[in-house]
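In what follows, a single structure is set out as structure tokens and then discussed.
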Amino acid sequence: MFEISVQQTFSAGHALREYKGKCENVHGHNYRVEVTVAGEALNRIGLLVDFTDLKREMKAIIDRLDHQFVNDLEPFTKLNPSAENIARYFYDELQGSLRANEVPVAVTQVRLWETDGQSATFRP
Ligand SMILES: [Zn+2]
């Protein structure tokens, strides 16, 4: 089994609904997201996934979130924009985007940091 991971960053605001504490108020994070992709075989030149392809797919999602108030964006108009749910969102949005990859691969983990010391991980 081979795995590759890519990390990217973005900045966004959110407010946690029904949270009893200061995270109920509007505030922002400099988020870091790491996507891990795994597969059994490599292509002819020894790659699982071209890092450039994965970065492009992640960037397309980040462009929707970066410098936005996440609560205003679907599906977070109803779904609470917690680190857990945003990690799951990256997973859901990336599903299918790697179908055209030369060798079969799957997203196996998305980790989202709100701060250096706190992160949430989604695995299917
Ligand atoms: Zn927060």
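Things worth noting here:
- Meets criteria (touching a residue at least 40 places away in the same chain (Cβ under 8 Å) and either within 16 Å of the ligand (Cβ to nearest atom) or of a type outside the set (Val, Ile, Thr) (or both)) for residue 31: yes
- Residue list for segment 48-85, filter: surrounded by fewer than 16 Cβ atoms within 10 Å (Cβ to Cβ), away from the ligand (no atom under 16 Å from the Cβ) and free of Cβ contacts under 8 Å to residues at least 40 places away in the same chain: 50, 52, 56, 60, 63, 64, 74, 75, 77, 78
- Condition met for residue 88 (surrounded by 12 or more Cβ atoms within 10 Å (Cβ to Cβ) and either charged (D, E, K, R) or within 14 Å of the ligand (Cβ to nearest atom) (or both)): yes
- Taking the criterion of being away from the ligand (no atom under 13 Å from the Cβ) and either within 17 Å of residue 78 (Cα to Cα) or among the hydrophobic types (A, V, I, L, M, F, W, C) (or both), the residues of segment 1-17 that qualify are 1, 2, 4, 6, 10.
- Residue count for segment 26-52 under the criterion of being in a strand (DSSP E or B) and either in contact with a helix residue (DSSP H, G or I) (Cβ under 8 Å, 6 or more places away or on another chain) or not hydrophobic (A, V, I, L, M, F, W, C) (or both): the result is 12.
- Counting the residues of segment 61-82 that are under 13 Å from residue 10 (Cβ atoms) and in contact with an Asp or Glu (Cβ under 8 Å, 6 or more places away or on another chain) gives 1.
- Selection from segment 6-51 of residues that are of a type in the set (Gly, Ala, Ser) and out of contact with any Gly (no Cβ under 8 Å at 6 or more places or on another chain): 15, 21, 38, 39, 41, 46
- Cβ pairs under 9 Å, 6+ apart, first in segment 1-28 and at positive phi and surrounded by 15 or more Cβ atoms within 10 Å (Cβ to Cβ), second of a type in the set (Ser, Thr, Tyr) and outside any strand (DSSP E or B): none
Rule-based calculations on the coordinates, nothing more; no lab input. Treat the numbers as computed from the prediction; the structure is a model and nothing was measured. All Cβ positions, glycine included, derive from the backbone under ideal geometry; neighbour counts span all protein chains shown.
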